[in-house]
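Note sheet for the following structure.
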Amino acid sequence: MEIRIAIVEDDAELRGHFSEMLQMVPDFVFIGSFSSAEAFEQSFDAIKPDVVLMDINLPGKSGIDCIAACKPLRPTVQYLVCTVFEDSNNLFKALMAGATGYILKISDLESTEKAIRDIYAGGSPMSPQIARYVINALPGNKGNNSVLDTLNKREIEILELLAAGYRYKEIADKLFLGVNTVRTYIRNIYSTLQVHSRTDALNKAFGK
């Protein structure tokens, strides 16, 4: 099955590097590269991407704002954030905006291809460095204690794993629970926090 991929990156050299790499994979269809969020948004309806490699720091509109604007338009599009630095605060914001995976810009073809296939299949790929920084961001941002106090220990644990980008199946495997049990916990979290989505739950619990 072909995977349609676009790149949003303001650095021309990096944009060209990723473009050349991705065109080496037979079932990857490279549908365009963009130097700004604005240029990508103008072509969004026409190009119909499956996966978007998105830089965070762009001239004009940020990658985070671009994800937040485009995700509701086509929720099935998966955003793989590419970063050169370990900025846990921005990575966390990108997750809340709708990103579902992260890779470093220094990633080689094998790592990039694996991340794209993983995110397209429903996973949440992260390099070990980025996973560590995102998870470490949570203790650094104590969150809204009055909100967290309404949750039990297991619910907070699951909420933190959601914040780190894990999907239901991955949370279930990590905590040795059934997927339906995880779904029940998450429904209870949403009910307690009076929210209806992961993004709203993370914003209410950990947002500044």
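Numbers for the structure displayed
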item	result
Some residue of region 80-90 being touching a Lys or Arg at 6+ places or on another chain (Cβ under 7 Å) and in a strand (DSSP E or B)	yes
Test result for Arg132, of a type outside the set (Ser, Thr, Tyr), over 26 Å from Asp27 (Cα atoms) and modelled with pLDDT of 85 or more	no
Region 47-71 residues that are more than 21 Å from Ser111 (Cβ to Cβ), paired with ones that are at pLDDT 95 or above and part of a loop (DSSP other than H, G, I, E, B) (beta carbon under 7 Å, 6 or more apart)	Leu58/Ser36; Pro59/Ser36; Gly60/Ser36
Residue in region 23-42 that is closer than 15 Å to Ile5 by Cα, without any contact (Cβ under 8 Å) to a residue 12 or more places away in the chain and either over 16 Å from the mean Cα position of the chain (by Cα) or in a helix (DSSP H, G or I) (or both) present	yes
Flag for Ser197 being within 16 Å of the chain's Cα centre (by Cα), exposed (fewer than 15 other Cβ atoms within 10 Å of the Cβ) and not assigned by TED's automatic domain parsing to the domain that holds Asp65	yes
Some residue of region 189-198 being within 25 Å of Thr76 (Cα to Cα), at pLDDT below 80 and either basic (Lys, Arg) or touching a Lys or Arg at 6+ places or on another chain (Cβ under 6 Å) (or both)	yes
Filtered residues of region 155-191 (kept if under 25 Å from Leu91 (Cβ atoms), part of a helix (DSSP H, G or I) and of a type in the set (D, E, K, R))	Glu155, Glu157, Glu160, Lys169, Glu170, Asp173, Lys174
Region 12-22: number of residues that are free of Cβ contacts under 8 Å to residues at least 60 places away in the same chain and out of contact with any strand residue (DSSP E or B) (no Cβ under 6 Å at 6 or more places or on another chain)	5
Counted residues, region 1-22 - those being touching a Lys or Arg at 6+ places or on another chain (Cβ under 9 Å) and part of a loop (DSSP other than H, G, I, E, B)	2
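Each row is one residue, and each column tells you yes or no for (1) over 22 Å from Lys114 (Cβ atoms); (2) at pLDDT 95 or above; (3) buried (at least 18 other Cβ atoms within 10 Å of the Cβ).
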site: Gln23; (1), (2), (3): no, no, no
site: Pro26; (1), (2), (3): no, no, no
site: Ile56; (1), (2), (3): no, no, yes
site: Pro59; (1), (2), (3): yes, no, no
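The values are calculated or read from the model by the stated rules, or taken from the named source; none is laboratory data. Predicted, not measured: the structure shown is a model, and the values here were computed from it. Neighbour counts are summed over all protein chains in view; Cβ atoms, including those assigned to glycine, are modelled from backbone coordinates with ideal geometry.
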